[in-house]
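> This is the structure I want to talk about, given as structure tokens.
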């Protein structure tokens, strides 16, 4: 059985300008111990999906209008706030994008790590402190015992993210949601954090949802990848399959925008940008949401009139497009392939 | 170039800082939060605030210790000594009952300052409770609580205090505190609400929720402590108003009952004879003015010191 099953999740924001359909019918599953990568550009609903799973969105304005989030057989979307509090941090933990602001500046690091364990595991001060030192060592913070009594401002961004990870794994969660864990960090630190997450995942047998806009990051870490665009899943496939045979024009374009080291079979020349902007989610087109930016779509196409459905092109490879790469006859100008 | 506090301390042979130098040992983690250390350093740089703070402490010490060491009984009536001019035996002179003014002004100061702090504290506790609930719960609760506050804002502070005292009937320390705080906590409630709303959006609040912290823990651990800086400033901003309010109430005869006295009621006693014996009104008035001025300067210094955005240039 899947650890987490998100089925037709719809999270809408009810604002004065109208209903913003930030997440519009997203379904995926996460298997125990596996990593699911969610990629997409800013504002495509990645983070809202993650926050919906944890029920962390402020309600109002946000509301889960449809769908279910089943974690080990319980629908989290229907759980009371009291029960959710017991799930958060213990069963599902989350790390956030900006480690500089995710720690309370007025509390010592140790206090912030111990807090969670005292809350969920019922440890007393002494046990919690011992465990906190172990955790800091586990996330490779040198001189762990002494650093417990330091305040967050004495830590660098990468170290703070390590502390956040230590807090997240402190109660051995079954699922870790990492919402752009490396976006605020520079590239060398980024690699270190990704290695750490990989290592901890294996050790703790956690499943992970890795949210990022960086194709390079998911390529390295994810088993399966979900590509989101304008609140919907446009392509979903195992990691290798997706990189080897991208089907959706959007995925192709994302890969085309990725710098690569020159080599055999690799595109030379300039990086390609995707023309246009994502649609306004307060009033999304009823047709394919990528159609206005799609190099393969024209006005006579069915996809300019109605929404293509997700279909399984190959086993495990789902695409929402009328023009997947394997069904295309001609290659128009400007495409990356 | 950014100069670290340690370097700066090494350079300036300021005796006030010499006690801290041992923390600069290489490799050993600095034991205490440098938030407060920085704040103190910034405060010390503000000369006006330092002077005001010193005078303030001296004034409080004066009020505490003078009655203890004074040879005079502050309530002993002795008409033979009435209205003595300042002399070696009575540095501030005596009042109409022949009581030593130095002793009485210190005793009055105890009451004035104690009422001032107690009322300020009451204001802050009420404001903190009301404001944090309003800001934390948000939504229509916040709206209702704030509109109620808007309505209360129309209440004038001093007339309301007078009415409260009239309703309660007896005037003692605690009724005075109630009267002074009942119509003056609105601003602090608003300040706290604003702070809580800003802080609530912080990532670490969301992070705390994400690891399963319950709401009261989020409020007590992550929100209220972060309003501390603002609250400390608010204490010293509120204090002058409260002390002046108390002095005013005493001056118009609604103050502490004789033979105890506050600075306000002493000034009121001196008002009748201000032409012939100016010192009787002058001394408590100067005391009030000094205290209020100091509190304002201290508030100013604290605001600069505790606001993390005021960085050295």
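The values are calculated or read from the model by the stated rules, or taken from the named source; none is laboratory data. Owing to the predicted nature of the structure, the values given are computational and were not obtained by experimental measurement. Note that we place each Cβ from the backbone using ideal geometry, even for glycine, and neighbour counts take in every protein chain shown.
> Considering only residues that are out of contact with any helix residue (DSSP H, G or I) (no Cβ under 8 Å at 6 or more places or on another chain) and not in a helix (DSSP H, G or I), look in region A:237-247 and name the one that is surrounded by the fewest Cβ atoms within 10 Å (Cβ to Cβ).
So the residue we want is A:238.
> Right, here's the next one. Criterion first (crowded, with 20+ Cβ neighbours inside 10 Å and at positive phi) does residue A:89 satisfy it?
So residue A:89 fits the description; yes.
> Exactly one condition in (1) touching a residue at least 12 places away in the same chain (Cβ under 8 Å); (2) under 30 Å from residue B:264 (Cβ atoms) is not met by residue B:168; state its number.
(1)
> Quick one: which helices (runs of 4 or more DSSP H) lie wholly within region A:99-180 and hold at least 2 residues that are within 11 Å of another protein chain (Cβ to nearest Cβ) and in contact (Cβ under 8 Å) with a residue 12 or more places away in the chain?
A:109-121, A:144-147, A:157-169
> Those residues that are exposed (fewer than 15 other Cβ atoms within 10 Å of the Cβ), at pLDDT below 75 and not in a loop (DSSP other than H, G, I, E, B), I need them from region A:299-325; list them, please.
Listed by number, the list holds a single entry, A:302.
> Quick one: how many residues across region A:39-75 are on the phi < 0 side of the Ramachandran plot, touching a helix residue (DSSP H, G or I) at 6+ places or on another chain (Cβ under 7 Å) and within 13 Å of another protein chain (Cβ to nearest Cβ)?
Total satisfying the criteria: 4.
> State all residues of region B:210-232 that are facing another protein chain (nearest Cβ under 9 Å) and out of contact with any strand residue (DSSP E or B) (no Cβ under 7 Å at 6 or more places or on another chain); if no residue qualifies, say none.
B:213, B:214, B:215, B:217, B:221, B:222, B:225, B:226, B:228, listed by residue number.
> Have a look at A:32, A:60 and point out the one that is farther than 29 Å from residue A:197 by Cα and either within 12 Å of the chain's Cα centre (by Cα) or assigned to a loop (DSSP other than H, G, I, E, B) (or both).
Within the list A:32, A:60, the selection yields A:60.
> What single numbered condition from (1) more than 11 Å from chain B (Cβ to nearest Cβ); (2) surrounded by fewer than 23 Cβ atoms within 10 Å (Cβ to Cβ); (3) touching a strand residue (DSSP E or B) at 6+ places or on another chain (Cβ under 7 Å) fails to hold for residue A:79?
Of (1) more than 11 Å from chain B (Cβ to nearest Cβ); (2) surrounded by fewer than 23 Cβ atoms within 10 Å (Cβ to Cβ); (3) touching a strand residue (DSSP E or B) at 6+ places or on another chain (Cβ under 7 Å), only one is false for residue A:79: (3).
> Within region B:107-198, which helices (runs of 4 or more DSSP H) (wholly inside it) include 2 or more residues that are away from chain A (no Cβ under 14 Å) and within 20 Å of residue B:292 (Cβ to Cβ)?
Qualifying helices (runs of 4 or more DSSP H): B:157-168, B:173-181.
> For region A:8-23: of the residues being over 16 Å from the mean Cα position of the chain (by Cα) and surrounded by 15 or more Cβ atoms within 10 Å (Cβ to Cβ), which is farthest from residue A:214 (Cα to Cα)?
A:19
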